Amino acid sequence: MRLTQMQDIGGCRAVVSTLADVQALRDALKSSRIKHRLVNEKDYITAPKEDGYRGIHLVYRYMSDRKETYNNHSVEIQIRTNLQHAWATAVETVGTLIGQGLKADQGEKVWLDFFALVSAAFAIREGVDGPDELRDVQAALRVMERDLHVIDRLTAFQRVMKAAVADPERRLAAYFLMVLDAPNEEVTVLSYAANEFDRATAEYKRVEEAARPGVDAVLVVADSAHALRIAYPNYFGDTSLFIAELQNIIAPIGLHA
């Protein structure tokens, strides 16, 4: 893909509690007095992607009267519910764990079918789709989960993914370089002060250039090390909500929460 074709070079994501919150935030943005120009809108909740991805995407052209440097650059806003975000996190985590590009709709068909089915079940639970087909979805998911050992794999991955984020010195950090080594089930978190941006980017470049399959790195700005776990749950194997919801869905009839 050409750089000029990308619509999310800059972007942000809002994760909210309910579908009603998603709609309210979308309406608030579209009716606001911001100068940025809405050029595209995708409702992947009512019309999900083939792989099961759901969320609202708004693409704006940046416009400023005071500084024209970034005018006409595209910025994408993603809006999801907690459950939709849990699904996306699990897709990315499992893709990293098994070394397949599930996030990009690439990989074994059985895994792609599994996550598409989970998305359908989550949509039913959130009231997007009617409950008529839930029983069939549950039956299929029970078989697939048993064959793929999804819950066991994610639970084990969560248990062993340890990151040293409690270091008191990190409280003064402004930049964090996170390196996920999936084959060795390790996360390394390096922190840098506000005046160490050049050092942080140089180290990020070094890690990227030396990366081997299964190793991923990201350089981010965060208020605290704790905020990293919230913003990047896939880097820490945090699929707790996904596991809990999946267990609830495949539980025998009469045992649902």
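The values are calculated or read from the model by the stated rules, or taken from the named source; none is laboratory data. Keep in mind that what you see is a predicted model, and the values were worked out from it rather than measured. Heads up, the Cβs are rebuilt from the backbone with ideal geometry, glycines too, and the neighbour counts pull from every protein chain shown.
Inside region 142-157, can you point out the residues that are of a type in the set (D, E) and under 22 Å from the mean Cα position of the chain (by Cα)?
Listed by number, the residues that qualify are E145, D152.
Is it true that V59 is farther than 29 Å from V187 by Cα, in contact (Cβ under 8 Å) with a residue 12 or more places away in the chain, in contact with an Asp or Glu (Cβ under 6 Å, 6 or more places away or on another chain) and aliphatic (A, V, I, L, M)?
For V59, the condition - farther than 29 Å from V187 by Cα, in contact (Cβ under 8 Å) with a residue 12 or more places away in the chain, in contact with an Asp or Glu (Cβ under 6 Å, 6 or more places away or on another chain) and aliphatic (A, V, I, L, M) - is met.
From the residues in region 137-153 that are surrounded by fewer than 16 Cβ atoms within 10 Å (Cβ to Cβ) and closer than 13 Å to L97 by Cβ, which one is modelled with the highest pLDDT?
Going through the qualifying residues, I end up with H149.
Scan Y204, Y192 and give me the residue that is modelled with pLDDT of 80 or more and over 28 Å from G99 (Cβ atoms).
Y192
Could you please let me know if G107 is in the same structural domain as I151 (by TED's automatic domain parsing), modelled with pLDDT under 95 and part of a helix (DSSP H, G or I)?
Against the criterion (in the same structural domain as I151 (by TED's automatic domain parsing), modelled with pLDDT under 95 and part of a helix (DSSP H, G or I)), G107 does not qualify.
In region 177-213, what residues are assigned to a loop (DSSP other than H, G, I, E, B), of a type in the set (G, A, S) and surrounded by 15 or more Cβ atoms within 10 Å (Cβ to Cβ)?
A182
Are any residues in region 214-224 touching a residue at least 12 places away in the same chain (Cβ under 8 Å) and either assigned to a loop (DSSP other than H, G, I, E, B) or not hydrophobic (A, V, I, L, M, F, W, C) (or both), and if so, which ones?
G214, D216, A222, S224, listed by residue number.
Please tell me if R54 is of a type in the set (D, E, K, R), buried (at least 20 other Cβ atoms within 10 Å of the Cβ), in contact with a Phe, Trp or Tyr (Cβ under 8 Å, 6 or more places away or on another chain) and within 20 Å of C12 (Cβ to Cβ).
yes
Considering region 211-247 alone, what residues qualify as being at pLDDT 85 or above and out of contact with any helix residue (DSSP H, G or I) (no Cβ under 8 Å at 6 or more places or on another chain)?
The answer is A244, and nothing else.
Considering only region 76-89, I want to know if a residue exists there that is β-branched (V, I, T), closer than 30 Å to N184 by Cα and in contact with a Phe, Trp or Tyr (Cβ under 7 Å, 6 or more places away or on another chain).
Yes, because at least one residue in region 76-89 is β-branched (V, I, T), closer than 30 Å to N184 by Cα and in contact with a Phe, Trp or Tyr (Cβ under 7 Å, 6 or more places away or on another chain).
Somewhere in region 39-47, is a residue among the β-branched types (V, I, T) and without any contact (Cβ under 8 Å) to a residue 60 or more places away in the chain?
yes
Pairs, please: C-beta under 9 Å, at least 6 apart or cross-chain, first residue of a type outside the set (K, R) and in region 125-139, second outside any helix (DSSP H, G or I) and at pLDDT below 85?
Filtered contacts from region 125-139: Q138/I253.
Out of (1) basic (K, R); (2) at pLDDT 95 or above; (3) not in a helix (DSSP H, G or I), the odd one out for K35 is which?
The single condition K35 does not satisfy is (2).
Are any of the residues in region 98-107 buried (at least 21 other Cβ atoms within 10 Å of the Cβ) and either within 28 Å of G214 (Cβ to Cβ) or in contact with a His (Cβ under 6 Å, 6 or more places away or on another chain) (or both)?
yes
Which one is modelled with the highest pLDDT among residues in region 1-24 that are part of a helix (DSSP H, G or I) and over 19 Å from A86 (Cα atoms)?
Result: A24.
Of these, A163, A156, which one is surrounded by 14 or more Cβ atoms within 10 Å (Cβ to Cβ), among the small types (G, A, S) and either modelled with pLDDT of 90 or more or touching a helix residue (DSSP H, G or I) at 6+ places or on another chain (Cβ under 7 Å) (or both)?
Selected residue: A163, the only one of A163, A156 that is surrounded by 14 or more Cβ atoms within 10 Å (Cβ to Cβ), among the small types (G, A, S) and either modelled with pLDDT of 90 or more or touching a helix residue (DSSP H, G or I) at 6+ places or on another chain (Cβ under 7 Å) (or both).
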